[in-house]
Structures are given as C-alpha cells and as structure tokens.
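The values are calculated or read from the model by the stated rules, or taken from the named source; none is laboratory data. All figures in this text were calculated on a predicted structure; none of them were measured in a lab. We place every Cβ from the backbone using ideal geometry, glycine too, and count neighbours over all the protein chains shown.
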Amino acid sequence: MSTQTLAVRLKRLLGDETTVALRPRYEGSNICTWIGFKHVNYLVEEAVLDHFRTAELPARELFEEYGLGLDLVELDTRIAHALHMDDLVEATVAPATKDDDDALRFRVTLTVVRDGERLRAATSKVRVLLVPDEYLDAAAPAAELARFTARAPEPEPAGPAPAPAANTSLAEGRGTSAGDPVLEQLTAGENAFGWKWRIPYPYCHFTERIQMSGYLRQMEEVVDLFLADRGISIKQLLDDRRWIPVVPRSSVRILDHALMEEDLYTVYTVEEVYKEHTYTSRMDCYVVRDGQLVKTATGHITHGYAVIENRRDWSLVGFDERVLNAFHGRPAVG
C-alpha cells in the first residue's frame, strides 16, 4: 500500500459516515426474543469494524501489514428501545475524532423499524486504539497511523496486594468468590461482590490480551453471580414473578492489558439505587503483578426490572422490599 493511499484511506475513516445493516446474533436472545445489552454492544462493535472495512483499513490488514491490533478500548451505550431476534438493525457510524485526539472516536446509532416507524434503538460513544503487536517480530511502521497508535501503558498500581491464593487451577474450577485474600481486600467495607477468574483464550484477541467483547461477557457474568449471591438470582425472579433485568445503559473502559491465563479480579459495587426503579453498579477489574494490584478495566451498568406479560411484551416494574434489601446488602425477604 502506498503512503498516499494510506493517507487517503485514513481521511475516509476520519471523515466519512457509514451505514450497515446488521442482525443481532441468535445467542443474544436469552429471555423470550429480546436481545441483551451485551449483544447490542456487539452490534456497535461490528458497525465500527465495518466502518474500517469501508475505508479500506480492515482490522486484518492493519494487523498483518502494520502489526497493529484494532482495539475498542471504550464503549458507552444507551439503549432506548429493545431489540428482538431477527430484527434488521441499521447501524450508522459517524467519525468524532477531534484534531487533538490521540485515539479514534466514533458515535454509533442503531435504528430499527417498529410499526412502520424507524426508531432509535441505541446510541454509543466508541474509542479505538491501534495497539502494536509485541508477540511477533516488529512490522513495518506506518507514520500516518502513529497518532492513533497506543504506546505501551505505564502500569498504575492500585496498591499492594496480599499473596494471591492458588484457587483457579482446573482442580479448583475456573474461579472463586470467597476465601481469597485479594478479593477480601478489594471488597472490604464496600457494598460489593468479588470474583476471581482465570482469563481463557476465547476472551482474548491478537494472541495475548482480553478484548472488549471479553469484558462485556465479564460484566454480564458478574451481574449474574452477584444476583445469585444476594438471593435474587435471575432464574429465581423469573420463576417467582416473571421478572427480568433490563439495561438502559452500560459502559466499559479498558485501562491496561490483561493477559491470557492471568487471574482477573472483578469487583461489582452497587453505587446508587434511584427511586426504586433503577440501580447503577460499577465493575472494576484487576490483575496482580509483582505484588501490586493493577486496574485493567472499569465500567458501569444500570439495571431496572420488567415483568414478562406475554411472549412479545414486557413492562417496567418498581423494586420491592426483597430486591431493595438485596441491592443494599441486607438479608432478602419475601
């Protein structure tokens, strides 16, 4: 690829708006035919990847030619209307990179047709970095892309860590939520739930590090474990009341690399319960390196509850005493 051509492609990436038609993955329809927040974010991710393809800077070529991994490092998504199985979603990507930005920024809008009217289903702010591959030999440099190429992050220790327990071996299962000194330190005095877990290769990309979709899966699973730990598991409320959690907003920001087969410490902290209709929690992820805690990601997720009315419809409900007690860390009742 010539230098001039690369510059032209980068100009298209930074200047042209693109639109692509997508459908949610079948995997994301867990309750009736509604699509969960993780797969809404997957649509955002796919739209951004298609934007790079349209500009003729696809993720594969960036890696194979220039040794640069395309990393979504920040997602902030608001969901206004539920998506369903088999929906045809129109995803529009608008470049939002400013002159002084050292990362690529985009705004993504997902729309869907309901009863003949096109509705805005979700909007998202996305930040992308190009991360140099350090696993294989150095690739040819690309000066035009240097501005958006991530430097090796300087670790920012979050404080000393006690000696980790050896409790994520295959003999012990894939993780633990109790009896671990690092988790005890991270959750002490907080309205929080902690989970230690070994990062498997399916959550990673570019050979060594966990990717954004891996953190979205992590966020989904830590919510599931938190609710079960507080006595209001998703299945319990489904069976008792036909209640399901719904997510109007989620965000994840990657701060540092977390590597394949490292132990990831995920802390889920309830921050606010708003008017008995929504609650917001923070997810923080850490690894232990050289005796220090290093925060690798942070994010927030807002939940409400809806009652299933039939196979097509649901409606929002307020929290009752049992659910409020669980969120506040008090014994569940009812």
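Assorted remarks:
- The condition of being out of contact with any Leu (no Cβ under 7 Å at 6 or more places or on another chain) and either part of a helix (DSSP H, G or I) or within 19 Å of residue 16 (Cα to Cα) (or both) holds for only one of 78, 120, 53, that being 53.
- Pairs meeting the criteria (first residue in segment 19-41 and free of Cβ contacts under 8 Å to residues at least 60 places away in the same chain and under 19 Å from residue 218 (Cβ atoms), second residue of a type in the set (Phe, Trp, Tyr) and surrounded by fewer than 19 Cβ atoms within 10 Å (Cβ to Cβ), beta carbons under 7 Å, at least 6 apart or on different chains) are lacking.
- Candidates 255, 293: the one that is more than 26 Å from residue 32 (Cβ to Cβ), in contact with a Gly (Cβ under 7 Å, 6 or more places away or on another chain) and in the same structural domain as residue 327 (by TED's automatic domain parsing) is 293.
- Residue match in segment 21-34 (condition: part of a helix (DSSP H, G or I) and either not assigned by TED's automatic domain parsing to the domain that holds residue 102 or not hydroxyl-bearing (Ser, Thr, Tyr) (or both)): yes
- Any hit, segment 244-261, residues being more than 30 Å from residue 134 (Cβ to Cβ), out of contact with any strand residue (DSSP E or B) (no Cβ under 9 Å at 6 or more places or on another chain) and surrounded by fewer than 19 Cβ atoms within 10 Å (Cβ to Cβ): no
- Enumeration of residues in segment 305-326 that are touching a Phe, Trp or Tyr at 6+ places or on another chain (Cβ under 8 Å) and surrounded by 16 or more Cβ atoms within 10 Å (Cβ to Cβ): 305, 306, 308, 314, 317, 319, 323
- Test: residue 111 is in contact with a helix residue (DSSP H, G or I) (Cβ under 8 Å, 6 or more places away or on another chain), more than 17 Å from residue 148 (Cα to Cα), of a type in the set (Ser, Thr, Tyr) and surrounded by fewer than 21 Cβ atoms within 10 Å (Cβ to Cβ): no
Okay, residues lined up against (1) touching a Ser or Thr at 6+ places or on another chain (Cβ under 9 Å); (2) more than 30 Å from residue 239 (Cβ to Cβ):
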{"site": "33", "(1), (2)": "no, no"}
{"site": "39", "(1), (2)": "yes, no"}
{"site": "46", "(1), (2)": "no, yes"}
{"site": "49", "(1), (2)": "no, yes"}
{"site": "54", "(1), (2)": "yes, yes"}
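- The lone exception for residue 272 - which of (1) assigned to a loop (DSSP other than H, G, I, E, B); (2) without any contact (Cβ under 8 Å) to a residue 40 or more places away in the chain it fails: (1)
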